[in-house]
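The values are calculated or read from the model by the stated rules, or taken from the named source; none is laboratory data. None of the values given here were measured: they were computed from a predicted structure. Cβ placement follows ideal geometry from the backbone for every residue including glycine, while neighbour counts extend to all protein chains displayed.
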Amino acid sequence: MNNSVIACPIPSNESQRLKAVKSYEILDTPPEVDFDTLTRVATQAIGTPAGVIGLMDTNRLWFKSQLGLGVPQLDRQIAFCAHALMKPGEALIVEDLQQDPRFKDNPLVTQAPHLRFYAGAPLIDRDGFALGTIAVVDIQPRKFSPTQVELLRDLSTLVITALENRQRAKLLGQLAMTDHLTGLPNRVQFERTLNSELAHARRKSETFSVYFMDLNDFKIINDTYGHSAGDEVLCEVSRRMGKEIRAEDLLARFGGDEFGILMRQSDDNTSESLADRIVNAVQIPITLSTGKNVSVGISIGMATYTDSVETVASLLELADQALYKAKKYK
């Protein structure tokens, strides 16, 4: 590969551009119909055998959608799209790649698939960063009209719209499964994760434990100091419990003063040890923003998965019964 191929241009705002690309959390995700449809429209409307929607990562052009190329990504050094990013406000049209000194020695031109034509429109996000391109290619040189340029640019706008809609839907999904006060997963996410863990445990014959917990004397704090004080207590308790669990475990708030933990690959010793640590951590007095010191306790009910457990509901019922007994004999 000669110097004309190796000298891949890099935008002056590359670090911010990469941050913008990664913010969409789309790299290495499976194909999606919204993007595949736009790629198909581009190739059919322009009449080329191949087209892509590519996002430029650090060292590669990764294809969210591709038609007619048969590869998931390209080395950035040989990607025509790397040149398209350098002028975000313009489409890059190369009617004959063999006649362009930037591309005539490119292995995509000199070797299979022996490309001769390229047209790409940068994907510009709301902040002006070029994330990648929507592009069409051909093995024959061809003319490209101003009308086709506008079509490609319109399609690039639709790709950005699809990216933003995808990002918005993901955020809404996360919000729907997150407790707004503590930032912990909520019960919906807890039970969804639990279903996956149950299926995994059946395949691998591994055990896991579920904890149901609620705070003792929490109502007294709400009644005495107000709900804002109660919110402070819930956030501090959440923080303390979060420090006691392992990275692979899941802590969730179900609502009110009720919490749950999914403890993966547990045994009796690790389960009891975690319960003891949580009790000790929670009962340490909490200093409110008003300067008042308050104390709460916590009751814990635990159930461990065994082969006799058939459903998530039955496992949760066992944990709930254990919590009831713990509170009854507190």
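Any residue at all in the range 92-100 that's more than 14 Å from Leu123 (Cα to Cα), part of a helix (DSSP H, G or I) and touching a strand residue (DSSP E or B) at 6+ places or on another chain (Cβ under 9 Å)?
Checking the range 92-100: at least one residue is more than 14 Å from Leu123 (Cα to Cα), part of a helix (DSSP H, G or I) and touching a strand residue (DSSP E or B) at 6+ places or on another chain (Cβ under 9 Å).
Every residue, every condition in (1) in a loop (DSSP other than H, G, I, E, B); (2) among the aromatic types (Phe, Trp, Tyr), yes or no:
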| residue | (1), (2) |
| --- | --- |
| Pro11 | yes, no |
| Asp28 | yes, no |
| Asp36 | no, no |
| Thr39 | no, no |
| Ala42 | no, no |
| Gly51 | no, no |
| Phe63 | no, yes |
| Val71 | yes, no |
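Residues that are in the same structural domain as Ala319 (by TED's automatic domain parsing), free of Cβ contacts under 8 Å to residues at least 40 places away in the same chain and more than 25 Å from Leu175 (Cβ to Cβ): does the range 211-218 have at least one? Talk me through it step by step, then tell me what you get.
Let us first name the residues in the range 211-218 that are in the same structural domain as Ala319 (by TED's automatic domain parsing), namely 211-218.
Now narrow it down to the ones that are free of Cβ contacts under 8 Å to residues at least 40 places away in the same chain: none.
Within the range 211-218, none of the residues are in the same structural domain as Ala319 (by TED's automatic domain parsing), free of Cβ contacts under 8 Å to residues at least 40 places away in the same chain and more than 25 Å from Leu175 (Cβ to Cβ).
In the set Leu315, Leu323, which member is at pLDDT 90 or above and either assigned by TED's automatic domain parsing to the domain that holds Phe208 or among the β-branched types (Val, Ile, Thr) (or both)? Lay out the reasoning, then the answer.
Working: Leu315 fails: at pLDDT 90 or above.
Selected residue: Leu323, the only one of Leu315, Leu323 that is at pLDDT 90 or above and either assigned by TED's automatic domain parsing to the domain that holds Phe208 or among the β-branched types (Val, Ile, Thr) (or both).
What helices (runs of 4 or more DSSP H), lying completely within the range 127-241, carry at least 1 residues that are among the polar types (S, T, N, Q) and under 30 Å from Thr311 (Cα atoms)? So that I can check it myself, show each step before the final result.
On the way: elements: 146-176, 187-204, 218-225.
Output list reads 146-176, 187-204.
Out of the residues in the range 124-133 meeting the condition of being touching a residue at least 60 places away in the same chain (Cβ under 8 Å) and either more than 18 Å from Asn59 (Cα to Cα) or not assigned by TED's automatic domain parsing to the domain that holds Lys64 (or both), tell me which one is surrounded by the fewest Cβ atoms within 10 Å (Cβ to Cβ).
Here is the first cut: in the range 124-133, the ones touching a residue at least 60 places away in the same chain (Cβ under 8 Å) are 125, 127, 129-133.
Next, from what is left, pick out any that are either more than 18 Å from Asn59 (Cα to Cα) or not assigned by TED's automatic domain parsing to the domain that holds Lys64 (or both): 125, 127.
On the way: Asp125: 17, Asp127: 10.
Residue satisfying both the conditions and the ranking: Asp127.
Restricting attention to the range 24-63, which residues are surrounded by fewer than 16 Cβ atoms within 10 Å (Cβ to Cβ) and among the hydroxyl-bearing types (Ser, Thr, Tyr)?
Scanning the range 24-63 gives Thr29, Thr37, Thr58.
Being over 32 Å from the mean Cα position of the chain (by Cα), part of a strand (DSSP E or B) and crowded, with 19+ Cβ neighbours inside 10 Å is the requirement here; does Ile298 meet it?
yes
Does Glu191 qualify as being over 17 Å from Gly255 (Cβ atoms) and out of contact with any Pro (no Cβ under 8 Å at 6 or more places or on another chain)?
It is false that Glu191 is over 17 Å from Gly255 (Cβ atoms) and out of contact with any Pro (no Cβ under 8 Å at 6 or more places or on another chain).
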